[in-house]
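Please read the structure below before turning to the comments.
The values are calculated or read from the model by the stated rules, or taken from the named source; none is laboratory data. Everything quoted here is computed from the prediction, not taken from an experiment. Cβ coordinates were reconstructed from backbone atoms using ideal geometry, including for glycine residues, and neighbour counts include every protein chain displayed. What goes into the accessible areas is simple: the full protein's heavy atoms, side chains included, and nothing from ligands, DNA or RNA. Shrake-Rupley method; radii C 1.70, N 1.55, O 1.52, S 1.80 Å.
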Amino acid sequence: MSHPNITLYHANWSFCSQMVRVALLEKGFSFNEHHIKLCDQYPEGENIDKEYLSINPLGTVPAIKIDMNIICGSEEIIYQLDKIDSTNNHSLYPDNVDETEIRKWAADTTITDGVEFASTLGTIMPVFSSPLLQYMIKQLPLSSIVKILLRHPRKDRKMIFIAMYFGNPSKRIPFMGVKNYVDEILKLEKLFSNGRTFFYNTFSHVDINLMCVFNRLIDLGLEQTLSYKTPFINEYWENLKSRNSYRDGILNYYTDKEKMLLREYYEKNDSSVLTAILEQFDKKIR
């Protein structure tokens, strides 16, 4: 069986890049890597350089080149990767489940353009991450912000960078996601109460996304919300963490830069969002 030539354009800490790396590992595909230094973390801002914009005109990661075809966006990348035969025959779209249902859950658990702000588990993650994003942006030199204004292809991203660099909009933003987050986690808790190991019992695209969502909660100091009132979700999270792809596709890509940044961030920020989430759980479960 001949495998395609795969090149992944990704960032170490990118939420959606993590998803695609896990998918590649689960499928058993080897791949070439181009690490892109994102403009929200690095002064270089390689995602808005002409070279990368020729690959993905939106300036976002991940993007993947499969033979001569370029695909952008984690949701579509994983969907297309699963159509390629692999030596381990592992399918991320189980035959016994309607594909439309899997794609709907996959969309709800990743960052999907056009989806209402903080309305799904995937779109809540950027809301919770906004203080950390603002902290990173404020470390950038002014020249990087000028580069973003001149080169970033998305007007909405430009406005976010400007607001976060010169102001403090993220102070209240995370609280906008608290109610919907608790609702979504409790929905999952009910689903996993039937004893299933993974979302469809076999590891699928949805499990990849939830692995990355839950890992991002660790980054944000919110891991306690996965076990506070949700024993079935906690058990499911343990199953996800036990997979080699979690270590090799996510944990092994944390560099000293990310680790140091998280340490510095938590020295200067409180856990008021965590308190708000736990209080919301208490309201929902009495």
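So what's the net charge close to CYS212: Lys and Arg +1, Asp and Glu -1, counting the other residues with Cβ under 14 Å from its Cβ?
Taking every Cβ under 14 Å from that of CYS212, the sum is -2.
Tell me, what HN-Hα J-couplings in whole Hz come from the Karplus equation 6.51 cos²θ - 1.76 cosθ + 1.60 at θ = phi - 60° for each residue of the stretch 76-92, using x for Gly and Pro?
6, 4, 5, 4, 6, 4, 5, 7, 8, 4, 10, 5, 8, 6, 7, 9, 8
Roughly how many Å² is the accessible area per residue of the chain, as a whole number, for a 1.4 Å probe?
Value returned for the chain: 47 Å² of accessible area per residue.
On the first, second and third principal axes, largest extent first, how far apart are the outermost C-alpha atoms of the chain in Å?
Extents along the principal axes: 56, 52, 34 Å.
DSSP beta bridges in the chain, what fraction antiparallel, as a percent rounded to 5?
Percent antiparallel among DSSP bridges in the chain is about 70.
Taking 7 Å along the Cα-to-C-beta vector as the label spot, tell me the THR197-ASN96 distance in nanometres, rounded to one decimal.
So the label points at THR197 and ASN96 sit 1.3 nm apart.
How many angstrom lie between the C-alpha centres of the stretch 33-48 and the stretch 94-119?
So the two Cα centres are separated by 27 Å.
When the helices in the chain are scored as -39500 (n - 2.57) per DSSP H run of 4 or longer and the sum is shared across all residues, what 222 nm value do you end up with, to the nearest 500 deg cm²/dmol?
-15500 deg cm²/dmol
Give, in nm to one decimal, the length gained when the segment between LYS155 and LEU251 is fully stretched (0.36 nm per residue of separation minus the Cα-Cα distance).
Here the answer is 31.3 nm.
On full extension of the chain, what length is gained from GLU258 through ASN5, given 0.36 nm per residue of separation minus the C-alpha to C-alpha distance?
Gain in length upon complete extension: 88.1 nm.
Computing the accessible area with a 1.4 Å probe over protein heavy atoms, can you report the carbon and sulfur percentage for the chain?
51
Once amide H atoms are built 1.01 Å from N in the peptide plane, which residues 5 or more positions from ILE36, or in another chain, come under 5 Å H to H?
Those lying under 5 Å, H to H, from ILE36 are HIS10, ALA11, ASN12.
Cα-Cα over 25 Å: which of LYS187/LYS257; LYS104/LYS179; LYS104/LYS257; LYS155/LYS179?
Beyond 25 Å between Cα atoms: LYS187/LYS257; LYS104/LYS257; LYS155/LYS179.
For GLU267 and GLU51, what does the FRET efficiency come to when R0 = 30 Å and r is the distance between their Cβ atoms, rounded to the nearest 0.05?
That gives a FRET efficiency of 0.25.
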